[in-house]
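**Student:** Below you'll find the structure I mean.
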Amino acid sequence: MERRNYGIDLLRMLAMWMVIILHILNKGGVLSAAAPLSAGYEAAKLLEAGAYCAVNCYGLISGYVGVQHRFQYSGAIALWLRVTFYTVSITAVFAAFLPGGVDGDRVLRAFFPVLFRQYWYVTAYFGMCLFIPFFNLLLDRLSERQRRVLALFIVLVFSVLPTLRQRDVFLTDNGYSVLWLSCLYLLGGCLRLSCLGKKRGSGGWAAVYAICAVLTWSVHWAADRVWIAAERGTCDKVLLTSYTSPTILLAAAALVLCFAQLSIPPCFEKLIKGVAPLAFSVYLIHAHPLIWEYGMADRFSVLAAKTPPVMLLLVLGAALGIYVICSLMDVLRVWIFRLLHMDELSRRVEAGTSACLGRWLDKE
């Protein structure tokens, strides 16, 4: 049995922290409240550039880990149960304490979170899940050279060309889609099956990540000054700050390869093993539509008035605080799921579904 890669688990935790940082900077109002071209604004933009690859990290990890494992739909079912638990329970809490904020439409969305895209990533992931066995079969049968060509075409078609054109040419919804997550899965699988990660140590890949982050920020820094000189305000184009950007994609790949090679001391392995599975629930809790609207929107705009070092520390600290609080809340959910034997329920549903599909296929 293959040994668990605790470096990848650690990256899951880091990436979720980065996701919260992005939400504080954008939805939280830090960037919109900062004066354009001020030191605080540029510091926030640099932090954003460094954190923007977080979602791509999750997509790449799904392929990096999943390509050499048999995909089990029970895992997807368990995730669906977790998502529904939070959409329903959080909506119920708001209905009790803030009745005016919950109507029939919100209740319906809470019970069908995937279909109503309560969380864009969850909906896109479930859409991709159905094809994971076929992605794995494809990657397994391709030669090393063919996998490299596949990866090259994915990067050129869905990353480089749209960035150069500054248009969503191939309808990836700028990365918020099943198509982009599928591309990330395939790229993550190619990274795992290639020898690329062995040619450069963790430090080298960390340097690649840092260069990509600084380059992303530098391009936006220059564009802002050009636009302001032309009396058009700050640059409102995506440029390199998008999920499909080549620098953001390369930064994510560099982090995956960096953390995959990390040597984690045994004393920390048990901690990481226990905490890492809680990471995704941090997203489900703090990005719930009602918390998003009433708890996140412009709540952190006051931080923009602080000096850049203080502002950065407060943003990082607030993100860490949200992470810890949400993780502690998820411990309760884990206890409830164990009490109700949810994992066993997921496996039974998968077994029943597989049996039905098997009989249907046999008839064909």
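**Student:** Can you work out which of the residues in the stretch 288-332 that are of a type in the set (Phe, Trp, Tyr) and within 22 Å of Tyr121 (Cα to Cα) is least open to solvent (accessible area, probe 1.4 Å)?
**Tutor:** First, pick out the residues of the stretch 288-332 that are of a type in the set (Phe, Trp, Tyr): 292, 294, 300, 323.
The next check asks that each one be within 22 Å of Tyr121 (Cα to Cα); those that pass are 292, 294, 323.
On the way: Trp292: 71, Tyr294: 81, Tyr323: 19 Å².
So the residue we want is Tyr323.
**Student:** Only one of these is buried (at least 19 other Cβ atoms within 10 Å of the Cβ) and among the small types (Gly, Ala, Ser): Ala207, Ala213. Name it.
**Tutor:** Numbers: Ala207 fails: buried (at least 19 other Cβ atoms within 10 Å of the Cβ).
Unique residue meeting the criteria: Ala213.
**Student:** Pairs please, first residue from the stretch 50-72 and within 19 Å of Tyr209 (Cα to Cα), second anywhere and charged (D, E, K, R) and not in a loop (DSSP other than H, G, I, E, B), Cβ atoms under 9 Å, 6+ apart in sequence or on different chains.
**Tutor:** Cys57/Arg12; Tyr58/Arg12; Ile61/Arg12; Tyr64/Arg192
**Student:** Go through the residues of the stretch 82-103 one by one and say whether even a single one is among the charged types (D, E, K, R) and closer than 21 Å to Tyr283 by Cα. Walk me through it before giving the result.
**Tutor:** If we filter the stretch 82-103 for residues that are among the charged types (D, E, K, R), which is where we start, we get 82, 103.
Cutting the leftovers down to closer than 21 Å to Tyr283 by Cα gives us 82.
Within the stretch 82-103 (the criterion being among the charged types (D, E, K, R) and closer than 21 Å to Tyr283 by Cα), the answer is yes, since at least one residue qualifies.
**Student:** Within the stretch 93-134, can you find the residues that are in contact (Cβ under 8 Å) with a residue 12 or more places away in the chain, open to solvent by 30 Å² or more (accessible area, probe 1.4 Å) and of a type in the set (A, V, I, L, M, F, W, C)?
**Tutor:** Phe94, Ala95, Leu98, Val107, Phe111, Trp120, Phe126, Phe131 - these are the residues of the stretch 93-134 that are in contact (Cβ under 8 Å) with a residue 12 or more places away in the chain, open to solvent by 30 Å² or more (accessible area, probe 1.4 Å) and of a type in the set (A, V, I, L, M, F, W, C).
**Student:** Could you pull out the residue among Gly63, Gly75 that is within 18 Å of the chain's Cα centre (by Cα), of a type outside the set (A, V, I, L, M, F, W, C), part of a helix (DSSP H, G or I) and farther than 26 Å from Ala254 by Cα?
**Tutor:** Values: Gly63 fails: farther than 26 Å from Ala254 by Cα.
Step by step, each of Gly63, Gly75 is checked, and only Gly75 is within 18 Å of the chain's Cα centre (by Cα), of a type outside the set (A, V, I, L, M, F, W, C), part of a helix (DSSP H, G or I) and farther than 26 Å from Ala254 by Cα.
**Student:** Could you tell me which numbered condition Ile285 fails, if it satisfies all but one of (1) open to solvent by less than 40 Å² (accessible area, probe 1.4 Å); (2) closer than 17 Å to Gly59 by Cβ?
**Tutor:** (2)
**Student:** Among the residues of the stretch 160-169, is there at least one that is open to solvent by less than 40 Å² (accessible area, probe 1.4 Å), touching a Phe, Trp or Tyr at 6+ places or on another chain (Cβ under 8 Å) and among the β-branched types (Val, Ile, Thr)?
**Tutor:** Within the stretch 160-169, none of the residues are open to solvent by less than 40 Å² (accessible area, probe 1.4 Å), touching a Phe, Trp or Tyr at 6+ places or on another chain (Cβ under 8 Å) and among the β-branched types (Val, Ile, Thr).
**Student:** Can you pull out the residues in the stretch 166-196 that are of a type in the set (D, E, K, R), over 18 Å from Leu137 (Cβ atoms) and not in a loop (DSSP other than H, G, I, E, B)? Write out each step before concluding.
**Tutor:** Initial filter on the stretch 166-196 (of a type in the set (D, E, K, R)): 167-168, 173, 192.
The next check asks that each one be over 18 Å from Leu137 (Cβ atoms); those that pass are 167-168, 173.
Result: Asp173, single match.
**Student:** So which of Ile132, Ile154 ends up being under 27 Å from Leu284 (Cα atoms) and in contact with a helix residue (DSSP H, G or I) (Cβ under 7 Å, 6 or more places away or on another chain)?
**Tutor:** Working: Ile154 fails: under 27 Å from Leu284 (Cα atoms).
The conditions single out Ile132.
**Student:** Determine which member of the set Ser89, Ser32 is over 20 Å from the mean Cα position of the chain (by Cα) and free of Cβ contacts under 8 Å to residues at least 60 places away in the same chain.
**Tutor:** Working: Ser32 fails: free of Cβ contacts under 8 Å to residues at least 60 places away in the same chain.
Every option except Ser89 fails the conditions.
The values are calculated or read from the model by the stated rules, or taken from the named source; none is laboratory data. Since we're looking at a predicted model, the values are computed, not measured. Glycine also receives a Cβ, built like all others from the backbone with ideal geometry; neighbour counts cover every protein chain displayed. Each accessible area value is taken on the protein alone, full model and side chains, heavy atoms only, with ligands, DNA and RNA left out. Shrake-Rupley method; radii C 1.70, N 1.55, O 1.52, S 1.80 Å.
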